[in-house]
Amino acid sequence: MKAMRKFHPGSRSAIVRSTLTAALLATASWGWGQSFTGRWATSQRTLDNGEQDLTILQLTQSGDHVTGVIKTLAFQHPIEGTATGNHLQLMAPRNPERTFATGELVGQNLEMVWRHRTLVFKPAATTEDIPAPAYIPPPPLKKIPYNGLAKTPPMGWNSWNLFAEKIDDATVRQIADAMVTSGMRDAGYIYVNIDDTWEGTRDAQGNIRPNHKFPDMRALANYVHSKGLKLGIYSSPGPHTCGSYPGSYGHEKQDAETFAAWGIDYVKYDWCSAAGIYKNDQLEAIYQKMGEALEETGRPIVFSLCEYGLGHVEQWGPDVGGNLWRTTDDIRDEWTSMMGNAHLQIATAPYAGPGHWNDPDMLEVGNGHMTTAEYQTHMSLWSLLSAPLLAGNDIRDMSQATREILLNREVIAIDQDPLGKQATRVAQSAESETWLKPLAGGGVAVGVINLSDGPRNLTVEAADLKLPGPPSRARNLWTHTSVVFTHGAYSETVPSHGILLLRVGPHAG
Ligand code: GLA
């Protein structure tokens, strides 16, 4: 506007010039000639421990294609996306189909919408970067003895899927109360697990302290224990957790001792920023370090490895004292995500067994973005897969449908079968797939999933069950009724994305 005023408003040349200038300004604000190339930084996010998170985006634009790196205290990922004028769409680092963040150039800044928040990135000074901690070499490999826990897949609840950072002492106590009153505890859901964002800062001696949301961890553990439940917690082998809170890097033994002193019964250990320090062939040694530290406390603590299936964790998980290990990226409350995580279990099936389980991530049942039929399939598949059953919903407020899914004792019995075999997929078509799990005592559980968009008549063929004789007894575990195989098969109509789940054999009721 200032430039326009210089050219005598009203004169012909001024009008031409002002029109041109306005057009140029408009073009610039639409991004023509502007670029996303550069280093952008924001430290807008204040963590619950009072520290500031730092996020750096390092981008290069070529045509409409944008490549680069996103770095936070927690992680560093290559990233790709598309620029359309002044609009930017970045795709998820490990899933190029999914939008991870969107952004807009606004003046000098880049405003990104990420995890439902708008973050204003400013052009970054060259000195502004994520601090690199001193390298601590991993220990030599050795076997950590089995801790005797998790003979069947762990069952309980975890705060992350629904509450994320909105978790605190009061909510955990209410969840513990609800675990009892809802019947979840008596159905076997014992662990109440606090996920990320409980961490505060370290004291002068390096001891980790909880942040203001958890005033007294020992008192909380006592409360949870008084309800006949167990308490779980979360940390990372890196300097920061996935939520950018302090991790156990360089404090493994000290943190294990702190957890034991608080009365913790379960530790989920999440790779996160360790990826910026160590390579995948060092995963085993790094997890072993915490496995050993937990074992040395003398307290029985379930050790849950969370490294998204990197480095064939299923092959060495038990050697580092692991009782379960994530085999997938984070689950989302969506049919495709849930099924995708289940499919990743196919290769790992031989490695599951009493004391050590593949973990396709926590349950989303009751979180609202799948149908009842889809949640029944989710619960059934996790049970067929001998997966940990960690509810991820608000136990204080469950619909009847959610209760009936999570508290279906016949399905839970499939998950908790003492033989501890993981189901394999034995048949598959565009419309359905069939999973088969051998059970203790010689029976099987079989699930046929309707993959199509409408109801379908699905069939279990007796010959597919690999039983020594014709199926004598069979039970539908969702209708809770006995069923009869005629002419070597049993059929039923199943809604879209639903499952026909049968127990066949001696204990089929
Ligand atoms: C990772 C894990 C999740 C959860 C979050 C917490 O994404 O895979 O299960 O623990 O970190 O930050």
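Given the Cα-Cα distance of ALA125 and SER399 and 0.36 nm per residue of separation, how much length would full extension add, in nm?
Here the answer is 93.5 nm.
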Check: the chain dipole with +1 on Lys, Arg Cβ and -1 on Asp, Glu Cβ, in debye
880 debye
Once the dipole of the chain is set up with Lys and Arg at +1 and Asp and Glu at -1 on Cβ about the Cα centre, which of ASN476, PRO133, ASN280 lies farthest towards its positive end?
PRO133
Using θ = phi - 60° and the Karplus relation 6.51 cos²θ - 1.76 cosθ + 1.60, list the HN-Hα couplings for segment 57-73 in order, rounded to whole Hz, with x at every Gly or Pro.
10, 10, 10, 10, 9, 9, x, 9, 8, 10, 10, x, 9, 10, 10, 10, 4
Collect residues whose amide H, placed 1.01 Å from N in the peptide plane, falls under 5 Å from the amide H of GLU433; neighbours closer than 5 in sequence don't count.
ILE449, LEU451
Out of ALA101, ILE449, HIS312 - ranked by how far each Cα lies towards the positive end of the dipole of the chain, with unit charges on the beta-carbon of charged residues - the top one is ALA101
If you line up the long axis of helix 252-262 against the longest principal axis of the chain, both from Cα atoms, how many degrees apart are they, to the nearest 10?
60 degrees
Phi-based couplings in Hz for segment 224-237 (Karplus 6.51, -1.76, 1.60; Gly and Pro marked x):
4, 5, 5, 8, x, 10, 10, 10, x, 9, 9, 7, 9, x
Of PHE36, LEU500, MET184, whose Cα points farthest to the positive end of the dipole of the chain (charges on the beta-carbon: +1 Lys, Arg; -1 Asp, Glu; origin at the Cα centre)?
PHE36
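Let's see if you can work this out: charge +1 on each Lys and Arg Cβ, -1 on each Asp and Glu Cβ, no other charges. What is the dipole magnitude of segment 134-184 about its Cα centre, in debye to the nearest 20?
Rounded to the nearest 20 debye, it is 400 debye.
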Helix 372-384: inclination vs the chain longest Cα principal axis, degrees, rounded to 10, gives 60 degrees
Going residue by residue through segment 197-204, the Karplus relation 6.51 cos²θ - 1.76 cosθ + 1.60 with θ = phi - 60° gives ³J(HN,Hα) values, rounded to whole Hz and with x marking Gly or Pro, of 5, 8, 6, x, 10, 8, 7, 4
Disulfide-incompatible cysteines by the Cβ rule (no partner under 4.7 Å) in the chain:
CYS306
HIS65 versus HIS487, label points 7 Å from Cα toward the beta carbon: distance in nm?
5.7 nm
Amide H of GLU80 versus every other amide H placed in the peptide plane: which residues, excluding those fewer than 5 positions away on the same chain, fall under 5 Å?
MET91
Residues meeting the amide H criterion for GLY355 (H placed from the backbone, H to H distance under 5 Å, 5 or more places apart or on another chain) are LYS151, THR152
Using the per-residue mean of other Cβ atoms lying within 10 Å as a proxy for protection, in what order, highest first, do the peptides 428-440, 252-264 fall?
252-264, 428-440
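Quick note: the coordinates plus some simple rules give every number you see, no bench work behind them. Predicted model, so just to flag it, every value in this text is computed and none were measured. Every residue, glycine among them, receives a Cβ derived from its backbone with ideal geometry; neighbour counts consider all protein chains shown.
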